[in-house]
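One structure below.
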2 protein chains.
Amino acid sequence: MKLHVLSLALPLLAAPLTAEEGMWLPRQIPLLAPQLAAAGLELEPRRLAELTGDPLGAVVSLGGCSASFVSSEGLIVTNHHCITRTLQYNSTPERDLVADGFLAATRADEPQAAPGSYVYVTTELRDVTAEVLAGLSEEVPDAEWDARVERRSRELVDACEAPGGVRCRVASFYEGALFLEIGQIEIRDVRLVYAPAEAIGNFGGEIDNWMWPRHTGDWGFLRAYVGPDGRPADPSPANVPYRPRRWLEVSTEGVEEGDLVWIAGYPGRTYRYRTAAEVRAAREFEMPEYVRWARALITLLEREDERGREVALANYGRQRGYANAMKKYEGILLGLRDGAVERQRAEREAAMRAADGLGPATADVLDQLAAWTARGRERERLDHALDWLGRSSPMLDQAIELWRFAEERAKPDLERAEGYRERDRTRFEQALARAQRSIEPGSDRATLRWALEQALDLPAGQRIAALDRKLAATAVPDDAARLEALLDTLYGGTRIGDLAERQRMAAETGERLAARGDAMLDFARELAPELAARRAFEGERRGAMLRLRPRYLGALERAEGGRLYPDANSTLRFTYGVVTGYAPRDAVRYLPRTTLGGLLAKATGQKPFAPPATLLAAAGRVPRPYIDSRLGDVPVDFLSTCDITGGNSGSPTLDARGRLVGLAFDGNYEGVVSDYRFDSELARTIQVDATYMRFVMDAVDRAHHLLREMGLPVYTAE
Amino acid sequence: MKLHVLSLALPLLAAPLTAEEGMWLPRQIPLLAPQLAAAGLELEPRRLAELTGDPLGAVVSLGGCSASFVSSEGLIVTNHHCITRTLQYNSTPERDLVADGFLAATRADEPQAAPGSYVYVTTELRDVTAEVLAGLSEEVPDAEWDARVERRSRELVDACEAPGGVRCRVASFYEGALFLEIGQIEIRDVRLVYAPAEAIGNFGGEIDNWMWPRHTGDWGFLRAYVGPDGRPADPSPANVPYRPRRWLEVSTEGVEEGDLVWIAGYPGRTYRYRTAAEVRAAREFEMPEYVRWARALITLLEREDERGREVALANYGRQRGYANAMKKYEGILLGLRDGAVERQRAEREAAMRAADGLGPATADVLDQLAAWTARGRERERLDHALDWLGRSSPMLDQAIELWRFAEERAKPDLERAEGYRERDRTRFEQALARAQRSIEPGSDRATLRWALEQALDLPAGQRIAALDRKLAATAVPDDAARLEALLDTLYGGTRIGDLAERQRMAAETGERLAARGDAMLDFARELAPELAARRAFEGERRGAMLRLRPRYLGALERAEGGRLYPDANSTLRFTYGVVTGYAPRDAVRYLPRTTLGGLLAKATGQKPFAPPATLLAAAGRVPRPYIDSRLGDVPVDFLSTCDITGGNSGSPTLDARGRLVGLAFDGNYEGVVSDYRFDSELARTIQVDATYMRFVMDAVDRAHHLLREMGLPVYTAE
């Protein structure tokens, strides 16, 4: 047992393996001091390590996105794409805030953000490794290992949250070598302040998504509100703007090629320490299979969309979600195509096996990891099909969730799975309400049909028994007709599409739900044992990984002679880099900054390349301070070598003095493989330049009061 | 009458309007001496003006492509895509020379090129302006003007060709201000020597067509043969290699960024002196309509292709032809989109009208040109539909051609149209044979159906009367059924798809053809009056242009204060430039040279990105002399600012000392608008680097004897 916490927690935390690679824990920043000084950072690294200090205290999570305070009055800046839901929520048939943008003239005009919008301010990180792992030894079976870690984490969370006003979680770092308890102030009254028109905020749309050169004005503003006592409170007219201890200064100087920049935010998930066999599994099956399903479902939904605007609106979120991940996976697959990542891992593993002093234990760990990969691959098709039942059908997904919630609620709270505890009830109900947007029975049926057709093709040994039983029960001769009969039953006999009904269901026991005789719920109930078996397998695997991975990482660290940063896990991280372009392919060089002139050259007038007339007009008379002297134009977006991933969206990008110079909003297509291996030659963060944001706020959207609130100059007349 | 030949013929011929713009007549080169010296040319410009001198005497036309002699034994190098037809012609079911390439081990192994392959060596240019225009005055009606010019040209051609062994034409320059009689030795025994595999010669295929960065090895070798007496002769085993007076030396030094290069070749057609209204007509109707038709026909043919390999092979040429022009027009439309070209022309025309001393005559010319454009636009839909009847159906095209040939043959030879005279008979018969490759009745019917559907949508006043009559005659109620009935008749009642039958038809009179009762021929016969009316309109317009354009150009020259080069017209031209990249769009820079490493990075293993195993193997052990020291790799393709267009394919690109450093094979997408206006910032010629050609010939295809024949070193073992 000792092996796996050994020297990992801190000795790993020093110099990065390569220049800009690394999503560092705040506590690791002081260890980067020499590199940061050499790179030109003018701040004291020790200061950057302080969670509640300046500037890190200004960086917040929106849950899935990152953001930062930019005024003493709780003003928050994040990405436009992080507040789309809030814009939709506040739109009416007469007034489309997504398309037209929004600007609250006064605080009284700031509408509530969509339900489920939170602002999380990290205030505490506490090492709880000893508590979490106490008493766990090699003899503990894998499933039990996982269960105990989960249980202790829940206990710690409950104790942490007991005083109130704080949301806690226990996060595993280095894949189980380090556990940190994270305490966050949870602000639940969040309001919409300002967003540019979609034609600015999502300029380039799906076509430019993941792409450079880019001309997207991907920003939006929220405001955090709290009770008059300054503590988080439910939304109320009595609430007042939250007064953060820290907020960021927005730079009026901008960035130049070669400048040091750094980013603080909440990256979601990376896989940098995966073995060769695990990378191969992702390349051979997981990602291509995702792409195949996503492409098929998008095509089906596009056909459904032709039925009308209502249908298209319901399907919009699903299509964008599939498309976004599909394009990312396509990019990763391209990056993995030449086999270099797998080769590097295989060589590394061979070196680890061969290294003196690592002993047979390392070989044993590698063998066990390999065995787990093999076990996973034996059931990968079944698992994929099970996972995608809900992904293919918002209605079946709701049924599965409701049934699961009823099952979990039958247990004592402390034994329920994360997401189904009493503390999760509000979020669960918000999710029910949110799902309503994507429910469109005709489209639902079309995509579920496809998912079930795929399930019918599963090989023996990986069949979904509940589905086979259901189909057999239709007593119809051929496969296609049987499927239609089942779909007729499912969609003809369910009220799952009705939000009020679902809200009632959410309060019912399993027995009551079963007694409803709702066809979709019944299908979810019949699928439940297989879904539970899938989770049990995952739990056992997770336990094994918690046992094995820290040893693997320890051996890796010794074999490589380098120091490691932990994979991303949606906790606050620090990354630094430099503003620079890249060479995407032979004979092509990308410069690191785009311009307003470039945006205009791209403007076809057709969506998503149709900038608003107000921008075109303002482009004709740009106040001089917004013109970058080197570009001779207004800068729009820029690249940096910072190391980010999904979840970092909305993160502030700061300069050497800690001033906000941009907002990270995307990675580049050629670099997305960096979720698996960071390639400093190719991986780039795409950020919108704060100068462009200021220009649009000043000359296009006339958000002068917000500029003043941020202490920024205004150059155009009111 | 005087106005239009005034000072134009020579005073125009001096400095170019911008640095690298200009497709110069050889006789103009000495006038460029200062610029050429400044650019670094080490050759005497006067020497470059000599048609039969060194090096211009080595540059030849293949009719549609350009090429050059590279040995004293008649060895010719051109583009791979210029000899595809010859490779197909020599392929057998067992041996696909397009796919696999070909190398003749000895001269005895050099097979005949496809029928219709000629090599033209320009030996004489004679100013015949006075003869052509003698007696033409303003009073001569436009149609008559055209007819007289045509007639005199034919008389001059006949006189020129009388001694034998030479092919002549009279070409109009400056749109009628200058007429040159061009005499060319016509070599008609042409043989195939060597071509790389398609995976090298057409690497990147349709996807990379018109695109940079590029990695295409677009070269192929032919050899010219003549009779034992050294004069052109019909193909015969007794023939011997032609011994040209001049051949090019292939450089072993290569090019670098910034080097001067120049190109001699036969550019086909440009429109640099079109008026604003003419450009608008092309932008609004001609090009988008081409794109629309081409896209529709390609889609239809792709569907037909699914019927099998034979069908796909028959349609291949049509599809590539449509796709190539479509992509070019799309690029031009993109280049015209911002309206800058039309604005520039409109301003120029306004300036011409306003300029002192130009007098009302200029305004009159502009008014007349505008009236002609308007007349053309009134019938543009009809003309387009008529032109595309044959383009949409190789079978109907053959019927139209055969009927026309019969009509023309009824006239005295001197009165027949170009292409239908006795001197054209061999070519006509070769074209009949060549058409057989593209005849596939199912596909023909599918695309003709589409064309006729479009014709049914023509507005009143632009209807095809013969088609309307035909359809009415079917006595079927609805449009679609009528069309099917007509198609049933056409394809059920024709022998036009049979080559032997067509060959017989080519010898028959109109009466005999009519008596056949062949449905397709009958349709062509019924269409003939409307096609003739279309030609008559074109003749009248041509006459008007011959009358007006020289005056327009004269006024333009005086208004601009610059000197003009003539638009491309498939005659020998000279262009020079520099090896340099470009900025295709905001934040993107293209370097001017690609590398073997870049080719390998593009190699997916899927067509058209699947280099042969022999290339992959050779890439692993490249002889040092092929490695460019600056690139650290084998150069593959490079860009220059030379000014070319279609017809220049295969042209030698030469260095400051006149050595061959590459072969021009394409223009870049962003620059194709240069057919209308040359944009020195964006227009680039794409050439394959002679170093790559030498490397492949040496290390991949082992064409060692050819390298030695060219006096080039060989670095790999036999």
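A short reminder: the numbers here are calculations on the coordinates, not readings from a lab. Since the model is a prediction, treat every value here as computed from it, not as a measurement. Note: ideal-geometry Cβ built from the backbone for every residue, glycine included; neighbour counts use all protein chains shown.
As a test of understanding, state the convex hull volume per residue of the stretch A:573-709 from its alpha carbons, in Å³.
144 Å³
Note down the relative contact order for chain B as a percent, whole number, built from C-alpha pairs under 8 angstrom at least six residues apart.
The value is 24 percent.
Expressed in nm to one decimal, what extension gain is obtained for the pair A:LYS607 and A:ALA417 from 0.36 nm per residue of sequence separation less their Cα-Cα distance?
Computed gain between A:LYS607 and A:ALA417 is 64.0 nm.
With just the Cα atoms defining each centre, how far is the stretch A:219-298 from the stretch A:127-203? Give it in Å.
First find each Cα centre; the distance between them is then 16 Å.
Given Cβ point charges of +1 (Lys, Arg) and -1 (Asp, Glu) and nothing else, what value in debye, to the nearest 20, does the dipole of the protein assembly as shown about its Cα centre take?
It works out to roughly 340 debye.
Given the pairs A:LYS328/A:LYS470; A:LYS328/B:LYS602; A:LYS602/B:LYS327; A:LYS411/A:LYS470; A:LYS327/B:LYS607; A:LYS602/B:LYS602, which span a C-alpha to C-alpha distance of over 25 angstrom in this model?
Check vs 25 Å cut-off fails for A:LYS328/A:LYS470; A:LYS411/A:LYS470; A:LYS602/B:LYS602.
Expressed in whole Å with the largest first, what are the equivalent ellipsoid semi-axes of the stretch B:164-317 derived from the C-alpha gyration tensor as the square root of 5 times each eigenvalue?
After diagonalising the Cα gyration tensor, the semi-axes are 34, 27, 22 Å.
Using helices alone, what [θ] at 222 nm do you get for chain B, with -39,500 (n - 2.57) per DSSP H run of 4 or more residues, divided over all residues and rounded to the nearest 500?
Calculated from helices alone, the mean residue ellipticity at 222 nm is -13000 deg cm²/dmol.
Which GluC sites (Glu not before Pro) from the stretch A:404-498 combine a DSSP loop assignment with at most 15 other Cβ atoms within 10 Å?
A:GLU418
What's the Cα-based Rg to Rh of the stretch B:413-483, Rh via Kirkwood?
Ratio value, two decimals: 1.14.
What residues of the stretch A:563-605 lie in the reach of a label at A:ALA33, counting those whose backbone N is under 11 Å from a point 7 Å from the Cα along Cα→Cβ?
none
Using a Förster distance of 25 angstrom, determine the FRET efficiency expected from the C-beta separation of A:ARG535 and A:ARG495, and round it to 0.05.
Efficiency computed from Cβ-Cβ geometry: 0.40.
Over the protein assembly as shown, with a single point scatterer placed on each C-alpha, what log10 of the ratio I(q)/I(0) does the Debye formula yield at q = 0.05 1/Å?
Here the Debye-derived log intensity ratios amount to -0.50.
For the stretch A:276-546, what is the convex hull volume of the alpha-carbon atoms per residue, in Å³?
Normalising the Cα hull of the stretch A:276-546 by residue number yields 150 Å³.
With each pseudo-label sitting 7 Å past Cα toward Cβ, what's the A:GLU253-A:ALA515 distance in nm, one decimal?
Label at A:GLU253, label at A:ALA515, 7.1 nm between them.
Could you tell me which residue in chain B puts its beta carbon nearest the axis mapping B onto A, with the distance rounded to whole Å?
Closest Cβ on chain B to the axis mapping it onto A, in Å: B:ARG589, 2.
Arranged by the count of other C-beta atoms within 10 angstrom, fewest first, what order do A:THR216, B:THR604 take?
With the sparsest Cβ surroundings first, the list reads B:THR604, A:THR216.
Take peptide A:577-589, look around each residue's Cβ out to 10 angstrom, count Cβ atoms belonging to other protein chains, and average those counts.
5
Taking the Cβ of B:SER251 as the centre, find all other residues whose Cβ is under 12 Å away and add up their charges (Lys, Arg: +1; Asp, Glu: -1).
Summing Lys and Arg as +1 and Asp and Glu as -1 gives -3.
Could you give the alpha-carbon Rg of chain B over 2.2 N^0.38 Å, rounded to two decimals?
Computed over Cα atoms of chain B, the ratio equals 0.96.
Provide the FRET efficiency to the nearest 0.05 for the A:GLU131-A:ARG269 pair, computing r from the beta carbons and using R0 = 25 Å.
Efficiency for this residue pair is about 0.50.
So between A:ARG343 and A:GLU310, what do we pick up on full extension, going 0.36 nm a residue minus the alpha carbon distance?
7.0 nm
Sorting check: for A:563-570, B:124-131, which peptide has the highest mean count of neighbouring beta carbons within 10 Å, and how do the rest follow?
Sorting A:563-570, B:124-131 by mean packing, highest first, produces A:563-570, B:124-131.
Output needed for the stretch B:395-444: three equivalent-ellipsoid semi-axes, defined as square roots of 5 times the C-alpha gyration tensor eigenvalues, in descending order, whole Å.
24, 12, 6
Could you tell me which Cys residues in chain A have no other cysteine's Cβ under 4.7 Å from their own Cβ, answering none if every one has a partner?
A:CYS642
Compute the distance from the alpha-carbon center of the stretch B:45-99 to that of the stretch B:609-675, in whole Å.
The stretch B:45-99 and the stretch B:609-675 have Cα centres spaced 16 Å from each other.
Which value in nm describes the separation of the simple spin-label points at A:ILE207 and A:THR716, placed 7 Å from the Cα toward the beta carbon?
Taking the two extended label points, one gets 2.5 nm.
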